[in-house]
Each structure stands twice: as C-alpha cells, then as structure tokens.
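First the structure, in the form of structure tokens, and then the observations on it.
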Amino acid sequence: MIAITHPEHHGIMIDSFKVKRAPFRLVYSPFFILADNILEYILTTSDSIDYKIIETKNNYHLKLEINEDRQVDFFGKPCYMPKNPYTADPTSRYEIWIDKKTNIPYKIRRNMCHGITVSKVSEIKFNCLDLKKFVVSDYLPKDYEIRYCIDYCNNKNNRLHSPNKMTGKKATNWTTTDSYNRSVSLNDMKGKVVLMEFSMISCGPCRVSIPFVQSLAKKYKDADFDFVTIEGKQNNDVINKYKKRCNATYKFIKSNEALKKYQVDCYPTFFILDKNHIVKKVIKGYAEKKTDKEITETINNLIKE
C-alpha cells in the first residue's frame, strides 16, 4: 500500500495493490530514491541528454532533458516507455533543486507531454528506527480523514464513464475570439449540425484526433455542418504554434467560458449538436477507428433529419 497525503483537503488517500487501475502497476520511487536514480542516470547513461547546473546563493538547480524517441521514467531504475502515437512529445524533462547548506535534494520537477508533477520535502529527518518496530500509521496526521482508492477500471463513476449533464439540453452559446482576434461564437453556426471538441495541447489522444477532425471539412463541405476545437488552457501564441506543427487548418480557439459552461472534466471530449443545437451525444476520450465511426454515424443521422 501507499499513503498519499493531501494537505489542501486535510485527507490521506490509501492506495492498495489490490485495486485494479490498469493492466500493470508502476510504482513511483520515494523522493530520495528518485533523486538518486536521476543523478546516477546522468552520470552513467549513453542516451542523448542535455543538462546544466545553475548555482544560486542557496541552492544548485539541475536541469535535465532526455532527447530519446521514447519517454524515460524512473521506477527504481530508468524505464523506457513503449512508443505510442498518443504521446505528443517523447522528450523527458527533470529538474532537481539541492540545498547548498546540506547537499540534500528538496524538490523534483518531472515534465512529460501528458503532465507535470512536482515533489517537495521539508524539515527532513532521517529514519533510524528498526524496520521491525516501524508502524507507518504512527506517522500519519491524526486529524486527517483517511480515504481509500476504488477500482478505477470497473468504476462507472470515473470521468470517462460519468454522463455529461448537457446531454439532451440546448447547447449554451459562447463567444470568444480566435488566434487572429476574429469573433467566433456558437450562434455563428445556427441551423447546422455542430461538432465541438474540447482539447488540450498537452493531450496525446487530442493530437491523434486532429487528422480525423481535419477530414470532416472535406467530407461534409456541402452539408449543413460545422466544427470547432476549443482549448481552454493555453494562450493564442501557443495555440498557433501547435496548429502549425500539427497542420490543423480548421477553427481552433481558446475559450475558458465554454470549458466551464460545458462542464468538461477530461480530454478530448466531443459534443455533437443537432441543427437546433440540442446536445445529442457526448463522447469522452478518443480511440481512432472506434471514435471516428461513432462520431461519423451520429453526424450522418443528424444531417438527414
């Protein structure tokens, strides 16, 4: 088991290896073992890496970039993730901050295409107890609520399976400007079947969906149909660079307003609206052929109505 504290919620999450979250379980190393793994990797690897050390008054700041065709993660040792078309960028980036006074790492930042994690330690005390006398519960905050992880794969309440409350309702209008400062709104698409994709630039499946979404312009050029991709996190400069890199020529806009109104909780999420802009279907996630077929069949049926 592993106990993960969440001070912001005044709680502790207990995660058991009996919980079926995936076909495999990768176990993250404790903080100092992870730091040791990264440092040893830098000193011994033959991989293509760039690193530098920035010295400040109080610490050393180590920056590492691993330029391999697969992501490199550390689970007790360097592990090379399988090549995956859903990985937007295989570059792995790590940063370690080391206190100059103690020569002890106190912060690690891990930056992958699918997310960023930051780990910190403070008020460090090294454990000198006899392992046989060590009871982990003695070190859990007494006033924290303890919660237990549930079976993710079979849980119908996880984000991919939870229904969206907009289904069957009139789609709420939103108005924003595109990356060229031109006004764009849902009302501009009146009388048309509409596909809205909520996306994130750091999301691998979102990137993989681009060729399919792009193909819709040609497929439905003579039909009452329109589509747009909405990014709610990045600024227009980042979006423009991403569009160019992925050859995305369709409407790709930023709108925090739409993100909140449509209660999006995972990426990508597709909303399909009929000609009266009633939300007929919400699809969470993307699996190329399966999702392509589901979206296309729904659009075809709505255009015929």
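The values are calculated or read from the model by the stated rules, or taken from the named source; none is laboratory data. Predicted, not measured: the structure shown is a model, and the values here were computed from it. Every residue, glycine as well, gets a Cβ built from its backbone with ideal geometry; the counts of neighbours run over all protein chains shown.
Which of the residues belonging to region 98-146 are assigned to a strand (DSSP E or B), on the phi < 0 side of the Ramachandran plot and loosely packed, with under 14 Cβ neighbours inside 10 Å?
So the first thing to find is which residues in region 98-146 are assigned to a strand (DSSP E or B), and the list is 98-99, 104-112, 115-120, 145-146.
Add one more test, that the residue is on the phi < 0 side of the Ramachandran plot, and what stays is 98-99, 104-112, 116-120, 145-146.
If the condition is that a residue be assigned to a strand (DSSP E or B), on the phi < 0 side of the Ramachandran plot and loosely packed, with under 14 Cβ neighbours inside 10 Å, then ILE104, ILE116, THR117, VAL118, LYS120, GLU145, ILE146 are the ones that fit.
Give the residue, chosen from GLU257, GLU297, that is surrounded by fewer than 18 Cβ atoms within 10 Å (Cβ to Cβ), touching a strand residue (DSSP E or B) at 6+ places or on another chain (Cβ under 7 Å) and part of a helix (DSSP H, G or I).
After ruling out the rest, the residue left standing is GLU257.
Give PHE252, PHE225, PHE198 a once-over and let me know the one that is buried (at least 19 other Cβ atoms within 10 Å of the Cβ) and in contact with a Gly (Cβ under 8 Å, 6 or more places away or on another chain).
Answer to the selection: PHE198.
Those residues that are surrounded by 10 or more Cβ atoms within 10 Å (Cβ to Cβ) and polar (S, T, N, Q), I need them from region 39-57; list them, please.
Matches in region 39-57: THR45, SER48.
Determine which member of the set ASN235, ASN247 is out of contact with any Lys or Arg (no Cβ under 8 Å at 6 or more places or on another chain), surrounded by fewer than 14 Cβ atoms within 10 Å (Cβ to Cβ) and either without any contact (Cβ under 8 Å) to a residue 60 or more places away in the chain or at positive phi (or both).
From the options ASN235, ASN247, the qualifying one is ASN247.
Taking the stated definitions as given, is PHE227 in the same structural domain as LYS243 (by TED's automatic domain parsing), within 27 Å of the chain's Cα centre (by Cα), assigned to a strand (DSSP E or B) and at pLDDT 90 or above?
It is true that PHE227 is in the same structural domain as LYS243 (by TED's automatic domain parsing), within 27 Å of the chain's Cα centre (by Cα), assigned to a strand (DSSP E or B) and at pLDDT 90 or above.
Scan (1) under 19 Å from ALA287 (Cβ atoms); (2) touching a strand residue (DSSP E or B) at 6+ places or on another chain (Cβ under 7 Å); (3) touching a residue at least 40 places away in the same chain (Cβ under 8 Å); (4) in a helix (DSSP H, G or I) for the single condition VAL213 breaks and write down its number.
Every listed condition holds for VAL213 apart from (3).
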